[in-house]
Every structure is written in C-alpha cells, then in structure tokens.
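The values are calculated or read from the model by the stated rules, or taken from the named source; none is laboratory data. Note that this is a predicted model, so its numbers are computed, not measured. Positions of Cβ are generated from backbone atoms using ideal geometry, with glycine treated the same way; all protein chains shown enter the neighbour counts. The accessibility values were calculated without ligands, DNA or RNA, using every heavy atom of the protein model including side chains. Shrake-Rupley method; radii C 1.70, N 1.55, O 1.52, S 1.80 Å.
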Amino acid sequence: MGKKKSKPAPLPQSLALPYTGVESHAHLDLPPFSSDIEEVLKRAKESGVRYICNVFLGHEAWKNNRHLFEQHDEVFFILGTHPSHVDQCTDAELGAMRAAFAEDSRLRGIGEIGLDYYWDHFPRENQKDIFIKQLHLAKELNTRVIIHSRDAAEDTIDVLETEGFVDYPVLWHCFGGDAELAERIVKNGWYLSIPGTVTYPKNEEAREALKVIPLDRMLIETDCPYLTPVPYRGKRNEPAYTVFTAECVAKELGIDTEELWTTCGNNAIRFFGL
Ligand SMILES: [Zn+2]
C-alpha cells in the first residue's frame, strides 16, 4: 500500500559534459538566487558551463548588483530596458547606459530589448520608440543586440530591418517560434537562443523549427529563474540546467549532446566576443 516513490531527476553534473558550454541568458541578480548564488554558480561550472551571460534589467540593476560577480570571471553582462519597463527608459537612463558601457568591459551587448505584445504593459508605439532608441545606442556603441520578442515577431523583424540591423550581430533570445520564423531570422544573419521550453512535450513545433537552424547560429539559454526544462520543470531554473536543453536539442537533431554543447558554446563565444 506504500506510496510509490518516483525516481529522482538526474543531476545536471551527471551528464558529464565538457567545460565548453555557454548559458546565454540568466537573471542571477533576481531575488530567487539571493540566498545561494555561489552554489548555483558552482553547479553550473561542475556541469560544463564555462560562461554565463547575466542580463541586467536597467542601469540601476547593473550598478547595484554587478558586485555579485566580482569573483566570477565566467559571468559577463548585457544591459537594457525590457519592453515591459519602457517607462524607465528616459534620456537619463540612456545616458547612464552609455556611461556603463564605457566603464565596464564585461558588458557585451544591449538587451533584452524589443516588443512584448503578450503582456502589453505599454502601448505598442511606446514600446517601438524605446526599442528603436536602444537600437541606435547599440549601433553608436558598436555592440550586440539581444532581442526579447513575445507575440510580436512581425513588428520586431520589421523594426530591425527598417533600422538597418540585417547582418548586424543580433541574438533572438528565448526562441520558441515555428520553422518559418526561424528561417526568417537566419536569413537576416541573426542568431537564435533556445530555452528550456523546447523540452516540454507539447512544444512539437519548436522542436521541428530546430531543424532549419544552421548549427553555427544556435545558442542555449535558461532565462532563469523562469522556463525550467524537463526534468526540473516546475522548480526554479538555473544555468546548470542548460545541459538538459542541450540534450533534448541534440536528440531532436540526431547528434551527440557533447557536440551540440560545444558547438553552441563556441557560437556564444564568437557572438559575444568572449
Ligand atoms: Zn530574460
């Protein structure tokens, strides 16, 4: 009559991947990590994650939280105003961002920026205006652009094309679209980063889309603490869990996990100039 115990999920370290992977999108300065960030970073390292991109949501976050990574050269940064916070992107904020890039060589791109029509916190014209201002800043600083686009792919691509970002270093973060969208992104010379949602049983369409992405354009991310991949779905996400996303993608593409891991890692190193 005893309750059947389910098998514990495998530890990310148990995949024994080489120290060649890159986690391309993490929010480690958010409260869910405040009590154990050192352990989280250690687990990432033990699982084969060589570099981690931490996303600062605005210049204040960068200023107040970058000290968390002082002893961690493996963490580099991007900084930008998310489309759900566009009211914070004043001229003063843009000026502070410009100054931050001049001061901190660990800042490797502007992001996540773009359009979010799912939450629709702000009028679309307002979101576009701030998106464009930050795109101009990226060009001025000659730095990369990391895109957040939710339910807004058409307009996001339209803005990027109109503003002259075809064949510019652009990374489409948290890609979860179909093969047609993947093809358009690839055709424009951009990169795509695959999140843990690709492991969810219902996301057949996202797994199909993987097949049209050239292997030299693909990165792997968590977007932690959100979007945790199977087998830890429902728990807090963390950089080490990129190994499970890589395992799923590799299986879908019929290649070794190790090869996929290292290839996506090398793509991130090239894209971010690490
Ligand atoms: Zn994010």
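Using alpha carbons only, how many degrees (0 to 90, rounded to 10) separate the axis of helix 37-46 from the longest principal axis of the chain?
Around 60 degrees separate the two axes.
Please compute the length gained on full extension between residue 139 and residue 269, using 0.36 nm multiplied by the number of residues separating them and subtracting their Cα-Cα distance.
Details: separation 130, 0.36 × 130 = 46.80 nm, distance 2.02 nm.
Going from the current span to full extension adds 44.8 nm.
Quick one: with all protein chains in place, what share of the accessible area of region 19-272 is carbon or sulfur, to the nearest percent (1.4 Å probe)?
On the way: 4990 of 10590 Å².
Summing carbon and sulfur atoms, their accessible area is 47 percent of the total for region 19-272.
Could you state the angle between the C-alpha long axis of helix 124-141 and the longest principal axis of the C-alpha atoms of the chain, as a value from 0 to 90 degrees rounded to the nearest 10?
It works out to around 90 degrees.
Can you sort 150, 270 by 1.4 Å-probe accessible area, starting with the largest? Write out the running numbers ahead of the final one.
On the way: 150 90, 270 125 Å².
Descending accessible area places them as 270, 150.
Mean separation of Cα pairs under 8 Å and 6+ residues apart, divided by the residue count of region 19-272: what relative contact order is that in percent?
Details: 490 pairs, mean separation 52.0, N = 254.
Rounded, it is 20 percent for region 19-272.
With all protein chains present and a 1.4 Å probe, how do 112, 259 order by accessible area, largest first? Could you put the intermediate results ahead of the total?
Working: 112 5, 259 90 Å².
Sorted by accessible area, descending: 259, 112.
How much area per residue is accessible in region 19-272 when the probe is 1.4 Å and only protein heavy atoms are counted (Å²)?
Numbers: 10590 Å² over 254 residues.
I get 42 Å² per residue for this part.
Would you mind getting me the FRET efficiency between residue 90 and residue 120? Use the beta-carbon distance for r and R0 = 22 Å, nearest 0.05. Mind showing how you got there, number by number?
On the way: r = 21 Å, r/R0 = 0.96.
It comes out at approximately 0.55.
Which value, in Å³ per residue, describes the convex hull spanned by the Cα atoms of region 19-272?
Values: hull volume 29.1 nm³, N = 254.
Output value, Cα hull per residue: 115 Å³.
Rounded to the nearest 0.05, what FRET efficiency is calculated for residue 16 and residue 253 with R0 set to 22 Å and r the Cβ-Cβ distance? Working shown, then result.
Numbers: r = 20 Å, r/R0 = 0.91.
Taking R0 as 22 Å, the efficiency between residue 16 and residue 253 is 0.65.
For region 1-130, what are the per-bin percents of Cα-Cα distances with bins 10 Å wide, up to the bin holding the maximum?
11, 34, 28, 17, 7, 2, 0
Considering only protein heavy atoms, with the full assembly of protein chains and a 1.4 angstrom probe, order 84, 34 by accessible area, largest first. Working shown, then result.
Numbers: 84 20, 34 100 Å².
Descending accessible area places them as 34, 84.
In nanometres, what is the gap between the two model label sites at residue 30 and residue 163, each 7 Å from Cα along Cα-to-Cβ?
The modelled label-to-label distance comes out at 2.3 nm.
HN-Hα J couplings of region 159-176 from phi, Karplus 6.51/-1.76/1.60, θ = phi - 60°, integer Hz, Gly and Pro as x?
4, 4, 5, 5, 8, x, 9, 5, 6, 9, x, 10, 10, 8, 6, 6, 6, x
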